[in-house]
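Below you'll find the structure, written out as structure tokens, and then a few comments.
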Amino acid sequence: MERRGELVVELGSRRSRMEGRKGAVPGLGPFALTDLAQGMSRFGRLARSVDPARPWAHPRADVLDGQTFRTWVRRTLRTRSGRAYFDIATEAVFAADASDISLLHALCYAVGNGDLETLVAVDHGAQQDRVVGGSVVVAERLAEGLDVRLGDPVASITQDRAGVTVRTRSGREHAADRVVVAIPPTLAGRLVDDPPLPAARDQLTQRLPAGTVVKAFAAYPTPFWREDGLNGQAASDRGPVKVTFDVSPSEAEVGVLLGFVEGGEALRWQRLSEAERRRQVLGCFVRHFGEQAAHPTSYVEKNWSEEEFTRGCYGAHFAPGVWTAFGESLRPPVGRVHWAGSEYAVEWSGYMEGAVRSGRATAREVLDAPRSSGPPHGA
């Protein structure tokens with residue numbers, strides 16, 4: 001991501017420019033800044049009391065998991081701008097509204113990924129880097145030399161004392177001693193398991209929806225905003241685009257802005273006509289970067305909720321009560337079936353880093369498992 005220059009911040013009725021470095025504060029009034037500082041401090045202290053590997057074991061887990069994150073924000077923050085900052089951060093990180101997730105989940109996610117400030121930061125933060133050529137390059141490199149079969153999705157998994165049989169939609173069968181399911185929990189719940197998964201595991205997958213996010217790209221002849229000392233980043237409590245980045249190619253003069261439409265805002269916005277969606281997105285870019293943003297050479301949208309094998313992004317989120325009631329069923333294997341993916345990571349859950357960590361942990365789990373085991377599901 002481009003980091004040179006200032007970013008635009010809109011909170012409440014105030015619009016300001018600020019440095020893009022981690023730790024910089026928006027140009028708010030003294031009361032709002034004080035309110036935001038105390039809110040961040042209280043959230044950080046509370047997050048550090050949570051074990052991200054076992055959030056349900058917290059002494060006050062029932063209290064923390066029995067309320068939404070928005071409830072806590074409304075009770076803790078006193079100013080509109082302070083509350084707006086937490087709302088923007090929630091949408092940017094979870095692609096969901098603060099009313100969709102439990103306070104315990106917000107705390108667990110933050111402490112497992114550093115802290116809330118790290119999650120939203122570009123400079124030395126979670127949003128710092130991009131993969132040259134796109135994230136698909138990682139998958140393509142990993143696939144080199146492997147027997148990867150595309151275009152034939154898995155439909156069912158059968159396990160017994162002898163092993164596992166995976167059947168695809170086309171009817172092909174693949175036998176193995178064990179299987180690793182590396183798709184989001186909500187999609188894993190759509191596979192047919194024989195015998196059926198334990199009730200707690202199945203109930204868990206029913207309660208882990210993905211966030212709602214749309215990426216809107218606008219390309220321009222040049223990254224004109226840089227001439228004004230801006231880095232192409234913007235954060236606003238006015239939608240539909242509330243977070244914007246400069247994703248211009250590093251070795252080309254073309255300029256590209258990426259706007260995120262997330263959470264409840266995305267649910268409402270995606271019902272609009274294509275022309276109206278474009279008009280609203282470009283209107284946000286114009287507000288942040290000037291009239292030149294109204295005339296892109298090209299405009300593209302990507303709605304991840306419409307993709308069959310994601311049905312949303314960036315990862316699963318836990319509503320109130322889910323961690324305490326079903327959290328212990330998230331990571332343990334079920335018989336010969338093991339789980340891997342970003343949602344299963346203790347650290348950097350929801351990120352590619354978390355997917356790698358989870359993959360390594362699951363690989364160790366499979367290698368350490370006995371070649372033969374008893375009846376599946378502990379029956």
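The values are calculated or read from the model by the stated rules, or taken from the named source; none is laboratory data. Predicted model only: the values in this text are computed from it and were never measured. When we count neighbours, we look across all protein chains shown, and the Cβ atoms used for this are built from the backbone with ideal geometry, even at glycine. Ligands, DNA and RNA are stripped out before the accessible areas are found, and what is left, the full protein with its side chains, is counted by its heavy atoms. Shrake-Rupley method; radii C 1.70, N 1.55, O 1.52, S 1.80 Å.
If only residues of segment 219-234 that are touching a helix residue (DSSP H, G or I) at 6+ places or on another chain (Cβ under 6 Å) and crowded, with 23+ Cβ neighbours inside 10 Å are counted, the one that is modelled with the highest pLDDT is Trp225.
Within segment 152-159, does at least one residue satisfy the condition of being open to solvent by less than 60 Å² (accessible area, probe 1.4 Å), at pLDDT below 95 and in contact with a helix residue (DSSP H, G or I) (Cβ under 9 Å, 6 or more places away or on another chain)? Scanning segment 152-159 turns up no residue that is open to solvent by less than 60 Å² (accessible area, probe 1.4 Å), at pLDDT below 95 and in contact with a helix residue (DSSP H, G or I) (Cβ under 9 Å, 6 or more places away or on another chain).
Among the residues of segment 269-295, those identified as farther than 18 Å from Asp237 by Cβ and open to solvent by less than 50 Å² (accessible area, probe 1.4 Å) are Arg277, Leu282, Gly290, Ala293, Ala294.
Just wondering, is there one or more residues in segment 242-264 that are under 18 Å from Ala98 (Cβ atoms), in a helix (DSSP H, G or I) and in contact (Cβ under 8 Å) with a residue 12 or more places away in the chain? Checked against the condition, which is being under 18 Å from Ala98 (Cβ atoms), in a helix (DSSP H, G or I) and in contact (Cβ under 8 Å) with a residue 12 or more places away in the chain, segment 242-264 yields at least one hit.
Counting only strands (runs of 3 or more DSSP E) that fall entirely inside segment 146-205 and contain at least 2 residues that are aliphatic (A, V, I, L, M) and over 22 Å from Asp368 (Cα atoms), the qualifying elements are 154-159.
Among the residues here, Leu46 qualifies as within 23 Å of the chain's Cα centre (by Cα) and open to solvent by less than 50 Å² (accessible area, probe 1.4 Å).
Filter segment 296-309 down to the residues that are under 28 Å from Pro153 (Cα atoms) and open to solvent by less than 30 Å² (accessible area, probe 1.4 Å), then identify the one that is farthest from the chain's Cα centre (by Cα). The extreme case among them is Asn303. Sub-6 Å Cβ pairs linking a first residue in segment 314-334 that is surrounded by 21 or more Cβ atoms within 10 Å (Cβ to Cβ) to a second residue that is of a type in the set (S, T, N, Q) and assigned to a helix (DSSP H, G or I), at least 6 apart or interchain, are Gly315/Ser342; Phe326/Gln203, ordered by first then second residue. In segment 55-65, of all residues being in contact with a helix residue (DSSP H, G or I) (Cβ under 8 Å, 6 or more places away or on another chain) and open to solvent by 50 Å² or more (accessible area, probe 1.4 Å), the one that is farthest from Glu328 (Cα to Cα) corresponds to Asp62.
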